[in-house]
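Engineer: Below you will find the structure I want to go over with you.
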Amino acid sequence: MTNPKSTVEDIHKVDAISLDKETGDVVLNIFDPLDWSNEATHIQMLEDKVTNYLKFIEKDIAQVFPESKGKKIRISVVAKFNITGNALKFLASITKTVTDAGFSFEHSYLKKFKVES
């Protein structure tokens with residue numbers, strides 16, 4: 001299930017949900033096409049998006065994506081730009097928050113990143 005127009009800026013939407021074919025994990029993607037020129041705002045958006053994903057996992061995922069029942073869940077941020085020093089600190093903090101909630105978290109960046117409009 002993918003919403004190709006949704007990105008980190010759409011904090012109340014889930015960008016994509018899928019099953020990892022190798023692990024069987026449910027993956028909730030956050031697509032992040034933003035650069036880090038406004039670092040504080042960018043970090044706040046990521047924090048809000050991840051917080052809303054955690055709420056979604058707790059309340060709605062089983063109804064929206066029944067395949068998630070009994071599976072491990074991973075939040076994955078796929079970014080266009082490599083992160084800055086402060087963002088790296090934030091990602092370490094949010095990783096702890098997500099793992100403490102019982103889920104896993106990852107962040108990666110792709111040089112070829114496209115958001116459909």
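Engineer: Could you sort 75-83, 25-33, 13-21, 57-65 so that the peptide with the highest average Cβ count within 10 Å comes first and the rest follow in order?
Structural biologist: 25-33, 75-83, 13-21, 57-65
Engineer: State the answer as a single residue: which of Thr99, Ser68, Leu34 lies farthest towards the positive end of the charge dipole of the stretch 16-109, with beta carbon charges of +1 for Lys and Arg and -1 for Asp and Glu, about the Cα centre.
Structural biologist: Selected residue: Ser68.
Engineer: A further question follows. Taking the Cα centre of the chain as the origin and placing charges on Cβ (Lys, Arg +1; Asp, Glu -1), which of Val8, Tyr53, Thr23 is farthest toward the positive end of the dipole?
Structural biologist: Result: Thr23, furthest along the dipole toward the positive end.
Engineer: Moving on to the next point. Of the labelled options (i) 22, 16, 13; (ii) 38, 18, 12; (iii) 27, 18, 13, which one gives semi-axes √(5λ) of the Cα gyration tensor in Å as computed for this structure?
Structural biologist: Given (i) 22, 16, 13; (ii) 38, 18, 12; (iii) 27, 18, 13, the calculated one carries the label (i).
Engineer: Using θ = phi - 60° and the Karplus relation 6.51 cos²θ - 1.76 cosθ + 1.60, list the HN-Hα couplings for the stretch 80-92 in order, rounded to whole Hz, with x at every Gly or Pro.
Structural biologist: Per residue, the Karplus-derived 3J(HN,Hα) values read 7, 10, 5, 7, 8, x, 5, 5, 4, 4, 4, 4, 4 Hz.
Engineer: At 222 nm, what value in deg cm²/dmol follows for the chain if DSSP H runs of at least 4 each add -39500 (n - 2.57) and the sum is divided by all its residues, to the nearest 500? Spell out each step's value before the answer.
Structural biologist: Details: 3 runs with 41 residues, N = 117.
Helix contribution divided over all residues of the chain: -11000 deg cm²/dmol.
Just so you know, all these numbers are worked out from the coordinates, no wet-lab data involved. A quick note: this is a predicted structure, and the numbers were derived from the prediction, not measured. Glycine also receives a Cβ, built like all others from the backbone with ideal geometry; neighbour counts cover every protein chain displayed.
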